[in-house]
Amino acid sequence: MWDKIGNKQLGGYRFLRQYAISRYIADFYCSKAKTVLLLRRPAKPTWTFFSFPSK
């Protein structure tokens with residue numbers, strides 16, 4: 001697939017490979033076209049815990 005979209009071959013848009021978006025990794029991403037191709041599950045599931053001080 002990279003052969004078809006690399007080097008601005010798809011409408012002149014520049015795609016990036018394996019681009020991190022939040023906790024996801026997109027196989028291909030184009031910011032100008034606001035396009036993500038083949039979005040996958042999170043690369044590494046993580047948990048975030050918040051602790052608030054008691055009054």
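The values are calculated or read from the model by the stated rules, or taken from the named source; none is laboratory data. Just so you know, these numbers come straight off a predicted model, no measurement behind them. Every residue, glycine as well, gets a Cβ built from its backbone with ideal geometry; the counts of neighbours run over all protein chains shown.
Filtered by the rule that a residue be at pLDDT 80 or above and in a loop (DSSP other than H, G, I, E, B), segment 1-23 gives Gln9, Gly11, Gly12, Arg14, Phe15, Ser22, Arg23. Evaluated against (1) surrounded by fewer than 11 Cβ atoms within 10 Å (Cβ to Cβ); (2) modelled with pLDDT of 80 or more, Asp27 falls short on exactly one condition, (1). Considering only residues in segment 32-55 that are surrounded by fewer than 12 Cβ atoms within 10 Å (Cβ to Cβ) and polar (S, T, N, Q), the one that is modelled with the highest pLDDT turns out to be Thr46.
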